[in-house]
1. Can you name every residue in region 112-145 that is farther than 19 Å from Ile175 by Cβ and either buried (at least 20 other Cβ atoms within 10 Å of the Cβ) or over 12 Å from the mean Cα position of the chain (by Cα) (or both)?
2. Within region 147-174, restricting attention to residues that are in the same structural domain as Leu75 (by TED's automatic domain parsing) and within 16 Å of Gln187 (Cα to Cα), which residue is surrounded by the most Cβ atoms within 10 Å (Cβ to Cβ)?
3. Check whether at least one residue in region 63-77 is in contact with a strand residue (DSSP E or B) (Cβ under 7 Å, 6 or more places away or on another chain), at negative phi, surrounded by 15 or more Cβ atoms within 10 Å (Cβ to Cβ) and of a type in the set (S, T, N, Q), and report yes or no.
4. Name every residue in region 59-104 that is under 30 Å from Ala136 (Cβ atoms) and of a type in the set (Asp, Glu), in order of residue number.
5. Give Phe108, Phe114 a once-over and let me know the one that is of a type in the set (Phe, Trp, Tyr) and under 23 Å from Pro153 (Cβ atoms).
6. Restricting attention to region 35-44, does a residue exist that is more than 18 Å from Cys122 (Cβ to Cβ) and either surrounded by 13 or more Cβ atoms within 10 Å (Cβ to Cβ) or among the charged types (D, E, K, R) (or both)?
7. How many residues does region 1-53 hold that are modelled with pLDDT under 70 and assigned to a loop (DSSP other than H, G, I, E, B)?
8. With respect to Asn89, determine if the residue is at pLDDT 95 or above and on the phi < 0 side of the Ramachandran plot.
Amino acid sequence: MIFGSTFFTATLKSKSEESPAIRTGSLYYYLATIANPGGSSTWTYTDSTPDTGLNNDIVAPTGHINDPPPSGSSLTVFHMGRFFIASGNKLYFSGGPDITNGVPEECFPPANVFTLPDKVTCLKSLSIGLAVWTTADSYIVIGEDTVSFTLRPWQKNFGVPSQNAVAQDGDLLYIYTSQGQLFEIGQTPEEIGFAAAKLFASFVVRSVPLNGAFFASEFPEVTVLKL
């Protein structure tokens with residue numbers, strides 16, 4: 001296995017390549033660094049290093065565990081020591097502390113993904129888990145690591161149109177749903193926009209975040225949310 005660049009080429013090999021009697025799985029260890037001739041030059045490297053000469057502290061990534069974030073990714077949030085990102089109706093999470101060779105925050109193993117029925121529109125990290133909204137519903141990712149992460153339904157018909165429709169202060173959330181309702185969620189959901197439902201009927205969240213300044217200017221009659 002060879003990794004190259006303009007300046008050098010690092011060569012790695014598995015111990016079992018040299019001696020089938022030595023079974024170390026599919027791990028590749030650092031063998032050597034040699035000058036890269038560049039261009040289309042032909043070159044050879046003679047491997048005369050025994051297994052005992054391999055550097056077991058430098059292991060090559062295998063199985064796409066160092067893949068970059070998927071294209072079209074957005075809505076990035078840091079939760080439980082790793083990044084969660086959304087791309088369409090898929091929620092990906094980085095390898096984080098599982099990565100031993102590479103930048104943990106930049107490695108996205110293909111298996112680290114949840115598929116939702118609708119486009120993911122908002123992500124918020126809470127003490128109880130990662131809150132995930134689509135345009136139609138809301139979900140929550142519970143667990144502390146790759147093995148225990150689980151995506152569960154949270155509230156039906158409680159989706160949001162965009163990331164701007166949710167304001168957060170710790171575990172306190174203010175949510176303007178796709179149904180045109182304004183909720184405050186602390187211990188329990190409370191519809192705080194009921195008295196102004198007629199005003200919200202024509203309200204559309206686009207590029208302006210849900211905050212006090214917006215509500216003060218658009219709806220003077222509505223209680224200002226100071227976050």
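1. Asn112, Thr115, Pro117, Ile142, Gly143, Glu144, Asp145
2. Checking each candidate, the answer is Gln155.
3. yes
4. Asp67
5. Numbers: Phe108 fails: under 23 Å from Pro153 (Cβ atoms).
Criteria check complete, one pass: Phe114.
6. Yes - at least one qualifying residue is present in region 35-44.
7. 11
8. Details: at pLDDT 95 or above: yes; on the phi < 0 side of the Ramachandran plot: yes.
Answer is yes for this residue.
The values are calculated or read from the model by the stated rules, or taken from the named source; none is laboratory data. Being a predicted model, the structure only gives us computed values, none of them experimental. Methodologically, a virtual Cβ is constructed for each residue, glycine included, from the backbone with ideal geometry; neighbour enumeration extends over all protein chains shown.
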